[in-house]
Amino acid sequence: MSESPDRDSASRRPAPRCEPGDLPAVALGSVDYGRIERAVREILIAVGEDPDREGLVETPARVARMYAEMFAGLKLDPREHTRKFFTEEYDEVVLVRDISFCSMCEHHLLPFIGQAHVAYIPDGRVIGLSKIARVVEVISRRPQVQERMTEEIANLLIEDLGCKGVAVVIEASHSCMTIRGVKKPGSSMVTSAMKGIFRSNLSTRSEVMQLIYGNRK
Ligand SMILES: [Zn+2]
């Protein structure tokens, strides 16, 4: 069963967005802003810029605030969102599709932006769908690689929910690939992690892939 109430509107793929969300102040407050500011100033000097010219004066402070936000997940525990569940005798696929996220590639510190699709088959207990989106949010707001992010979300849910299976599919566009290096705008990367019954049972896996992609071009 898909979370989207309206399959027609769900089939129109939303443009990737990058929303700050309401990150807890504790995560934003534990960053050493001054240290980031000094480092950014050094980078500006190193590339041949004048960090004191008008347009750049506020840049180190701005970048520090941005990094605090982008890496806020380092200080947050995604398990906080999987503790609350409900007893429910539902044992079909629960899918949350198109969870938009913005993460930072740890190799270049450039953003990769995309959507996560997370499905699970409950075994007596379910969690709120927004909690799954929260887990994606926390895990994405760290220096990341997409493969590890996919695995981390799947492992956390299979461990914490005690469910029959978890499937995580992530599609993202990596700016380290689109704006530099091989410069291939429009390319995207797809990763998946299948746990439990989604791994062992081909028809269950096909069913979830059909739910994720079935009614899309
Ligand atoms: Zn990269």
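The values are calculated or read from the model by the stated rules, or taken from the named source; none is laboratory data. Everything numeric here is computed off the predicted structure, so don't read it as measured data. Ideal geometry is used to build each Cβ from the backbone, glycine not excepted, and the neighbour counts take in all protein chains shown. Calculation scope for accessible area: heavy atoms of the full protein, side chains included, ligands and nucleic acids excluded. Shrake-Rupley method; radii C 1.70, N 1.55, O 1.52, S 1.80 Å.
Going through (1) within 16 Å of the ligand (Cβ to nearest atom); (2) free of Cβ contacts under 8 Å to residues at least 24 places away in the same chain one by one, Ser130 falls short only on (1).
Note on region 141-155: residues that are away from the ligand (no atom under 16 Å from the Cβ) and open to solvent by 10 Å² or more (accessible area, probe 1.4 Å) total 3.
Within region 193-217, can you find the residues that are open to solvent by 50 Å² or more (accessible area, probe 1.4 Å) and within 27 Å of Lys84 (Cβ to Cβ)?
Answer for region 193-217, where residues must be open to solvent by 50 Å² or more (accessible area, probe 1.4 Å) and within 27 Å of Lys84 (Cβ to Cβ): Ile197, Arg199.
Evaluate the following for Asp22: is it open to solvent by 90 Å² or more (accessible area, probe 1.4 Å), modelled with pLDDT of 95 or more and not in a helix (DSSP H, G or I)? Here the answer is no, as Asp22 does not meet what is asked. Can you tell me which residue among Ile170, Ile158 is without any contact (Cβ under 8 Å) to a residue 40 or more places away in the chain and closer than 25 Å to Lys75 by Cβ? One residue alone meets the criteria, Ile158.
Among the residues making up region 156-185, those that are surrounded by fewer than 19 Cβ atoms within 10 Å (Cβ to Cβ), small (Gly, Ala, Ser) and within 16 Å of the ligand (Cβ to nearest atom) are Ser173, Ser175, Gly181. For region 123-138, a residue qualifies if it is buried (at least 22 other Cβ atoms within 10 Å of the Cβ) and under 9 Å from the mean Cα position of the chain (by Cα), and the qualifying residues are Val135, Val136, Glu137, Val138. Here Val63 fits the description: more than 16 Å from the chain's Cα centre (by Cα) and open to solvent by less than 80 Å² (accessible area, probe 1.4 Å). Could you check, for region 58-65, whether at least one of its residues is of a type outside the set (S, T, N, Q), within 16 Å of the ligand (Cβ to nearest atom) and modelled with pLDDT of 95 or more? The answer is no, given that none of the residues of region 58-65 is of a type outside the set (S, T, N, Q), within 16 Å of the ligand (Cβ to nearest atom) and modelled with pLDDT of 95 or more.
Residues of region 88-116 that are closer than 18 Å to Ile158 by Cα and either within 13 Å of the ligand (Cβ to nearest atom) or under 8 Å from the mean Cα position of the chain (by Cα) (or both): Ala116 alone.
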